[in-house]
Amino acid sequence: MKFDIITLFPEMFSAIKEEGVIARAMKKSLISIKTWQLRDFSSNKYKNVDEKPYGGGAGMVIQVKPIRDCISKIKQSSPNTRVIYLSPQGKKLEQKLVEELATLESITMLCGRYEGIDERVIENDIDFEISIGDYVISGGELAAMVVIDAISRRLPGVLGNEVSLKDSFTDNLLDCPHYTRPEVIDGQTVPEVLLSGNQAKINAWRKEQSIKKTKQKRPDLLVK
Ligand code: 4G1
């Protein structure tokens, strides 16, 4: 999977490029992440890419031209890329959408800043919009990193020792509770069944706990 990221803050992506599952997937060439500094596509000497909004009001809006030029440049090497704008107006990111995105070969993600981007980019240059949830954040970069992480974990060979957790979420269930050593801490014990060695019994208990926990904490998942 090839990710091209259009952003005013490419350095933010060092958070996932340098550590953990994504860094390892990059080293194994299972994914590539290329960031594009939108300022490099500015046509003025100050490298500005934003302007005041028509109609007045606070804040700034990212202009069409630098975004359009950057997408054209990316499409020279990735003609079949899907261009996604991370935005609060997008389709909510859920595991089902992650599975669909994981089948693509190239994804370009545009990260907004300020009040967002000129609407004409959305009309003309974007294939679809994705949102990571309903709250205000300062830019699309953190959202893009969430999308990259969720997709990368689904690609063959990316996870080593880690479990994918996908099965539980495709069943609309939360994960079961986990315990590790010691067996007793401050009087708190580990459920007896987990020490029994009876794997069939353990699996049944974990499933039952998943359902119980989902009913208690996320009943909305069960009615989906
Ligand atoms: C109005 C949320 C504005 C936000 C209503 C989820 C949020 C990108 C996302 C905003 C963004 C609500 C996302 C808001 C996002 C331009 C720069 C848009 C940042 C920006 C609920 C600011 N998933 N937000 N506006 O947060 O990009 O992907």
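Of the residues making up the range 117-133, those that are in a helix (DSSP H, G or I), farther than 27 Å from residue 96 by Cα and within 12 Å of the ligand (Cβ to nearest atom) number 0. Residue 136 satisfies every condition listed in (1) under 26 Å from residue 221 (Cα atoms); (2) more than 16 Å from the ligand (Cβ to nearest atom) except (2). Between 161, 203, the distinction of being open to solvent by 50 Å² or more (accessible area, probe 1.4 Å) and assigned to a loop (DSSP other than H, G, I, E, B) belongs to 161 only. Do we have any residue at all in the range 75-85 that's near the ligand (Cβ under 9 Å from one of its atoms) and within 15 Å of the chain's Cα centre (by Cα)? Yes; the residues of the range 75-85 include at least one that is near the ligand (Cβ under 9 Å from one of its atoms) and within 15 Å of the chain's Cα centre (by Cα). Scanning the range 100-129 for residues that are in contact (Cβ under 8 Å) with a residue 60 or more places away in the chain, open to solvent by 50 Å² or more (accessible area, probe 1.4 Å) and either more than 20 Å from residue 39 (Cβ to Cβ) or polar (S, T, N, Q) (or both) turns up 104, 105. Taken over the range 140-158, the criterion of being within 12 Å of the ligand (Cβ to nearest atom) and either open to solvent by 90 Å² or more (accessible area, probe 1.4 Å) or in contact with a Ser or Thr (Cβ under 8 Å, 6 or more places away or on another chain) (or both) is satisfied by 140, 141, 142, 143, 144. Being touching a residue at least 60 places away in the same chain (Cβ under 8 Å) and touching a Cys at 6+ places or on another chain (Cβ under 9 Å) is the requirement here; does residue 30 meet it? Spelling it out, it is not the case that residue 30 is touching a residue at least 60 places away in the same chain (Cβ under 8 Å) and touching a Cys at 6+ places or on another chain (Cβ under 9 Å).
The values are calculated or read from the model by the stated rules, or taken from the named source; none is laboratory data. Quantities reported herein were computed from a predicted structural model and do not represent experimental measurements. Cβ sites come from the backbone with ideal geometry, for glycine too, and all protein chains shown count toward neighbours. Remember, those area values only see protein heavy atoms, side chains included, never the ligands or the DNA or RNA. Shrake-Rupley method; radii C 1.70, N 1.55, O 1.52, S 1.80 Å.
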